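Enquirer: Take this structure, written in structure tokens, and hold onto it; I'll ask about it next.
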Amino acid sequence: MSLDQRCQPLLNVLRDATHMATLDLENWDLLLRQAGSAGLLSRIAIQADALGLDVQVPDAVRPHLTAARTLAAKQRQAVRWEARRVARALSGIEGPVLLLKGAAYAIADLPPAAGRLFGDIDILVPRAQLGQTEAALMLAGWHTQTQDDYDQRYYRRWMHELPPMTHIRRGTVLDVHHNLLPETARIRTHASPILDAAKALADPAGLSIPANVDLVLHSACHLFHEGEWGHGLRDLVDLDAMLRTFSAEADFWPRLQARARTLNLGRPLYYALDTCRRWLKTPIPDRVIAECPSKPPTWQRPLMRKLFDAGLASVHASCASGGLKSATFILFVRGHYLRMPWHLLLPHLLHQALRRDAPQT
Amino acid sequence: MKLADLSLAQLRQRLADNDLALRTGPFVTRIHSPMPQIADGLLRLYGEFRLDDGKFQDFHVRVGPPTGLRRWLRPQINFWYDGHSPFKPLPANHAFALMEWGLNWCVAGHAHHYLMLHAAVLEKNGRAVVLPGDPGAGKSTLTAALMLSGWRLLSDEITLIDRDDGLLVGLARPVSLKNASIDVIRRAFPDAVIGAPAYDTHKGTVAHVRPSADSVARVGEKARPAWVIFPRWREGSPARLSPHSRADAMLHTASHAFNYSLLGGLGFELNAALMDACTCHDFEYSNLDDALRVFSELAA
């Protein structure tokens, strides 16, 4: 199946929201299912409203759009409230506390914010402040849920984040990072340039967000290096929205490339740009892709495209084509391979497979 | 076209082919299932419901056996919402009950264009009663009894409040009875049609009562709320209404709602408007006949 036939009508609507005006009832049925499964329904609902399409959509569809906008508004309000709690809890911590990804988009009202749904809140702190940060959060009611010694060790020794912290009363989840990638990852990157370039927020005071180029690189690295494909298409839409807006800034593309070189994230950037352009028709000049600081060898490119396409298509059954299962399995293995070297990975996977409770990686 | 216009064989075929779109109030659900119990249960309990043309569905669900080796050891059943399974598999003979829970989950998790309270609703003479009830309080028994004695059933589990006009919207789906209340209703209403019981579920034995033909035929009529009544079955108690504070009723319905906080300020406004429109009571009873008498005096 060619890319243009895939995930329709969702893909056409993501490329151009006015496409919604042309859909018949059967296509609306499929669009709502694909977008719901991808976590993009609220975004589409907000776009329909902004374009004034809400009055022309069929009566059966309109309640779904209303419901999706209601959900997004609630999440937006909840994330702002939660961010203020985090700011209050960490007011004594030295050095910047950065909101990442969804929370950063929402609080700073960045292009991906409209209709973006959240699972948890991600923050980034200097590694030196990690202990104090954890202690301050625990005082304010967030606790690491896992009681398992192995998990605690695994996170603290090898990962770039603490085990997820859950608030004891609200049940909200906070991921505390000190880097973008695990200590053991094939690509080594470092967080200090991102911390140094952070922009302080007025509200909630005490929190910051990464510079625009760093937001793009973190999103790219999350999707194309860490390989969390469950929200793959939504993450790609985040990237597309940021690139379309940020590229209007002076020297955006050269700055993005230079930053990718500094952070050693050229390869995820290449994949992000190539995939955004193919899937969402993001306007990215040819030379920007050609001048990416790190590119895969030419022979690998079609193979990687096939894999990423399968990962993105796993969003809904109607987007899938043959070979999806094996491709998503390869992506899963790739994600782990990139995460840690074999001599650490194999014992880890063995431990996860043999543990008594429900296996989760 | 009504579901009962299909023969059992036709219904089974359409369910197996994913070719059945069932309308329940404002929602259309496409149901896909190879299970004979699903066809039997639908024909017994949903016969008067309308089938839709199948162009647009609010929910796409499937009820069927999970894949994997276990199915050869002990037959199981699972529920999928458009390819995603929100529940753990259950023993295969719970298929129909699982579908009912699944359909509730579809509405409660998605229909945020309504305020959704955890309460039953029935209507008589143009006025509706909302029955919130803690588990075991006898809410479903009373709901089934009221429906079987002429009240129009809007819903047994989920009260839908339209955000545009504050009126109550019906589903008219079967009433779920648990344990001893199944026999209570059978004895009091020997003509009631009750589906095959599912034994040993997490709620004990569960069986569903077919909604009255009037409830299904008039499902599209919204109802104006008049009373919020908290029923409680208590051994030996005479059937008796007593005043319940509106403020407390509002707190109770808010904390037992499916999406009260999700709607934010609108949820508050709708719930407050409900209380303004209603008188609120506690209701204790032990004998169904006495209970029905009190309710018919109320509606007179």
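Enquirer: Among the residues of the stretch A:153-166, write down those that are outside any loop (DSSP other than H, G, I, E, B) and at pLDDT 75 or above. Steps first, answer last, please.
Expert: Residues of the stretch A:153-166 that are outside any loop (DSSP other than H, G, I, E, B), as a first pass: A:153-158, A:161, A:165-166.
A:GLU161, A:MET165, A:THR166, listed by residue number.
Enquirer: Out of the residues in the stretch A:297-344 meeting the condition of being at pLDDT below 85 and more than 20 Å from A:TRP229 (Cα to Cα), tell me which one is farthest from the chain's Cα centre (by Cα).
Expert: Taking the candidates together, the pick is A:HIS343.
Enquirer: Suppose we keep only residues that are out of contact with any strand residue (DSSP E or B) (no Cβ under 6 Å at 6 or more places or on another chain), touching a residue at least 24 places away in the same chain (Cβ under 8 Å) and not aliphatic (A, V, I, L, M) within the stretch B:253-275. Which one would you say is surrounded by the most Cβ atoms within 10 Å (Cβ to Cβ)?
Expert: The selected residue is B:ASN271.
Enquirer: Filter the stretch B:173-196 for residues that are in a loop (DSSP other than H, G, I, E, B), charged (D, E, K, R) and over 25 Å from B:LEU98 (Cα atoms) and give the result.
Expert: Keep residues of the stretch B:173-196 that are in a loop (DSSP other than H, G, I, E, B), which gives B:173-174, B:179, B:189-193, B:195-196.
This time we only want the ones that are charged (D, E, K, R), so: B:173, B:191.
Answer for the stretch B:173-196, where residues must be in a loop (DSSP other than H, G, I, E, B), charged (D, E, K, R) and over 25 Å from B:LEU98 (Cα atoms): just B:ASP191.
Enquirer: Taking the residues in the stretch B:209-253 that are over 19 Å from the mean Cα position of the chain (by Cα) and among the hydroxyl-bearing types (Ser, Thr, Tyr) as candidates, determine which candidate is farthest from B:ASP276 (Cα to Cα).
Expert: Step by step, filter the stretch B:209-253, then rank; the result is B:SER237.
Enquirer: Only one of A:GLY115, A:GLY141, A:GLY131 is touching a strand residue (DSSP E or B) at 6+ places or on another chain (Cβ under 7 Å) and either aromatic (Phe, Trp, Tyr) or modelled with pLDDT under 95 (or both). Can you tell me which? Step through it out loud before you land on a result.
Expert: Details: A:GLY115 fails: touching a strand residue (DSSP E or B) at 6+ places or on another chain (Cβ under 7 Å); A:GLY131 fails: touching a strand residue (DSSP E or B) at 6+ places or on another chain (Cβ under 7 Å).
Within the list A:GLY115, A:GLY141, A:GLY131, the selection yields A:GLY141.
Enquirer: Which residues, counting only those in the stretch B:135-160, are part of a loop (DSSP other than H, G, I, E, B) and farther than 13 Å from B:PRO211 by Cα? Before the answer, list the steps.
Expert: First pass over the stretch B:135-160, keeping only residues part of a loop (DSSP other than H, G, I, E, B): B:135-138, B:149-151, B:156-157.
B:PRO135, B:GLY136, B:ALA137, B:GLY138, B:GLU157, listed by residue number.
Enquirer: Mind checking which pairs have a first residue in the stretch B:197-225 that is within 21 Å of B:ALA137 (Cβ to Cβ) and in contact (Cβ under 8 Å) with a residue 12 or more places away in the chain and a second that is among the β-branched types (Val, Ile, Thr) and part of a loop (DSSP other than H, G, I, E, B), Cβ under 8 Å, 6 or more apart or different chains?
Expert: From residues that are within 21 Å of B:ALA137 (Cβ to Cβ) and in contact (Cβ under 8 Å) with a residue 12 or more places away in the chain, the pairs are B:VAL209/B:VAL193.
Enquirer: Continuing with the same structure: Taking the criterion of being part of a loop (DSSP other than H, G, I, E, B), in contact with a Leu (Cβ under 8 Å, 6 or more places away or on another chain) and not aliphatic (A, V, I, L, M), would at least one residue in the stretch B:216-226 satisfy it?
Expert: From the stretch B:216-226, those part of a loop (DSSP other than H, G, I, E, B) are B:218-222; that's our starting set.
Pick out the ones that are also in contact with a Leu (Cβ under 8 Å, 6 or more places away or on another chain) and you get B:219, B:222.
Filter once more, so that each one left must be not aliphatic (A, V, I, L, M): B:222.
Looking for residues that are part of a loop (DSSP other than H, G, I, E, B), in contact with a Leu (Cβ under 8 Å, 6 or more places away or on another chain) and not aliphatic (A, V, I, L, M), one finds at least one in the stretch B:216-226, hence yes.
Enquirer: Enumerate the helices (runs of 4 or more DSSP H) found wholly within the stretch A:1-60, keeping only those where 3 or more residues are of a type in the set (A, V, I, L, M) and within 11 Å of chain B (Cβ to nearest Cβ). Reasoning before the result, please.
Expert: Values: elements: A:10-15, A:25-38, A:41-50.
Result: A:25-38.
Enquirer: Tell me which helices (runs of 4 or more DSSP H) are completely within the stretch B:5-80 and hold 3 or more residues being within 14 Å of chain A (Cβ to nearest Cβ) and buried (at least 17 other Cβ atoms within 10 Å of the Cβ), or say none if there are none. Write out each step before concluding.
Expert: Values: elements: B:8-16, B:36-45, B:70-73.
Hits in the stretch B:5-80: none.
Enquirer: Every residue in the stretch B:197-215 that is out of contact with any strand residue (DSSP E or B) (no Cβ under 7 Å at 6 or more places or on another chain) and not in a strand (DSSP E or B), please. Write out each step before concluding.
Expert: Residues of the stretch B:197-215 that are out of contact with any strand residue (DSSP E or B) (no Cβ under 7 Å at 6 or more places or on another chain), as a first pass: B:200-202, B:210, B:213.
Selection gives B:HIS202, B:ARG210, B:ALA213.
Enquirer: Determine whether A:GLY92 is over 25 Å from the mean Cα position of the chain (by Cα), modelled with pLDDT under 95 and under 26 Å from A:ARG15 (Cβ atoms). Working first, answer last.
Expert: Values: over 25 Å from the mean Cα position of the chain (by Cα): yes; modelled with pLDDT under 95: yes; under 26 Å from A:ARG15 (Cβ atoms): no.
Taking the combined requirement at face value, the residue does not satisfy it.
Enquirer: Among the residues of the stretch B:161-172 satisfying the criterion of being assigned to a strand (DSSP E or B) and either within 14 Å of another protein chain (Cβ to nearest Cβ) or touching an Asp or Glu at 6+ places or on another chain (Cβ under 7 Å) (or both), which is farthest from B:HIS208 (Cα to Cα)? Give the derivation first.
Expert: Restricting attention to the stretch B:161-172, the residues satisfying the condition of being assigned to a strand (DSSP E or B) are B:161-162, B:168-169.
Next, only the ones that are either within 14 Å of another protein chain (Cβ to nearest Cβ) or touching an Asp or Glu at 6+ places or on another chain (Cβ under 7 Å) (or both) stay: B:161-162, B:169.
Working: B:ILE161: 24, B:ASP162: 26, B:VAL169: 21 Å.
Top of the filtered list is B:ASP162.
Enquirer: Please specify each residue of the stretch B:82-115 satisfying the condition of being in a strand (DSSP E or B), within 14 Å of chain A (Cβ to nearest Cβ) and within 29 Å of B:PRO66 (Cβ to Cβ). Steps first, answer last, please.
Expert: Just the residues of the stretch B:82-115 that are in a strand (DSSP E or B), to begin with: B:84, B:90-91, B:114-115.
If we keep only those that are within 14 Å of chain A (Cβ to nearest Cβ) as well, we get B:84, B:114-115.
Within the stretch B:82-115, B:HIS84 is the sole residue that qualifies.
Enquirer: Please indicate, with yes or no, whether at least one residue in the stretch A:75-87 is assigned to a loop (DSSP other than H, G, I, E, B) and modelled with pLDDT of 95 or more.
Expert: no
Enquirer: Please go through the stretch A:61-75 and give me each residue that is in contact (Cβ under 8 Å) with a residue 24 or more places away in the chain and either away from chain B (no Cβ under 14 Å) or of a type in the set (S, T, N, Q) (or both), ordered by number.
Expert: A:GLN75, the sole residue that qualifies.
Enquirer: Within the stretch A:195-211, is there a residue that is part of a helix (DSSP H, G or I) and touching a Ser or Thr at 6+ places or on another chain (Cβ under 9 Å)?
Expert: Taking the stretch A:195-211 as the starting set, the residues that turn out to be part of a helix (DSSP H, G or I) are A:195-196.
Narrowing further to those that are touching a Ser or Thr at 6+ places or on another chain (Cβ under 9 Å): A:195.
Yes, the stretch A:195-211 contains a residue that is part of a helix (DSSP H, G or I) and touching a Ser or Thr at 6+ places or on another chain (Cβ under 9 Å).
The values are calculated or read from the model by the stated rules, or taken from the named source; none is laboratory data. Computed from a predicted model, the values in this text were never measured in an experiment. Glycine also receives a Cβ, built like all others from the backbone with ideal geometry; neighbour counts cover every protein chain displayed.
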